[in-house]
Amino acid sequence: MSLAKAARLVRERAYAPYSNFKVGAALRSTSGGVHVGCNVENVAYPEGTCAEAGAIAAMIAAGDQTIEEIYVIADSPTPVPPCGGCRQKLAEFADGQVKVTLATTTGVEKVMTVAELLPGAFGADHMENA
Ligand code: THU
């Protein structure tokens with residue numbers, strides 16, 4: 001299944017009763033597996049999790065650790081960029097050149113890279129003296 005279709009399908013399962021803003025994410029990891037996630041909100045608002053975080057958690061649970069490509073979809077007038085926290089999460093498991101497609105449910109797509117989303121990312125190389 002394409003990442004676009006997987007993200008569209010999982011978006012339907014999002015639990016977003018507080019924002020009413022459903023997001024779906026699908027990624028392909030280096031072993032070829034497709035892992036999906038949706039946003040899961042909570043009545044204690046800060047406890048909610050983003051679609052991207054869910055897809056990353058599914059990838060890790062499946063035993064993979066490297067993202068090859070990711071697709072994120074939301075019902076928005078323009079493609080929704082990942083939040084700051086998700087940019088850092090993506091940078092943990094994806095090289096800078098990895099393709100991130102941001103899509104709307106109406107068919108608009110914007111393609112970016114992880115490095116464009118998070119230039120100058122904090123990384124393990126900054127902790128050499130730790
Ligand atoms: N959200 C995501 O799941 N991913 C994004 O890239 C942007 C925002 C979710 C978090 C929250 O449940 C809702 O969208 C509104 O912020």
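The residues in region 50-79 that are among the hydrophobic types (A, V, I, L, M, F, W, C) and either open to solvent by less than 20 Å² (accessible area, probe 1.4 Å) or at pLDDT below 95 (or both) can be counted, and the count is 9.
Residue count for region 95-130 satisfying the condition of being under 25 Å from Thr78 (Cα atoms) and part of a helix (DSSP H, G or I): 4. Scanning region 40-49 for residues that are within 8 Å of the ligand (Cβ to nearest atom) and open to solvent by less than 50 Å² (accessible area, probe 1.4 Å) yields Glu41, Gly48.
In region 23-38, the residue that is nearest to the ligand (Cβ to nearest atom) out of those that are under 13 Å from the mean Cα position of the chain (by Cα) and open to solvent by 50 Å² or more (accessible area, probe 1.4 Å) is Val36. Scanning region 50-94 for residues that are of a type outside the set (A, V, I, L, M, F, W, C) and either assigned to a helix (DSSP H, G or I) or near the ligand (Cβ under 8 Å from one of its atoms) (or both) yields Glu52, Gly54, Pro81, Pro82, Gly84, Gly85, Arg87, Gln88, Lys89, Glu92.
The values are calculated or read from the model by the stated rules, or taken from the named source; none is laboratory data. Predicted, not measured: the structure shown is a model, and the values here were computed from it. Heads up, the Cβs are rebuilt from the backbone with ideal geometry, glycines too, and the neighbour counts pull from every protein chain shown. Ligands, DNA and RNA are excluded from the accessible area calculation, which covers all protein heavy atoms including side chains. Shrake-Rupley method; radii C 1.70, N 1.55, O 1.52, S 1.80 Å.
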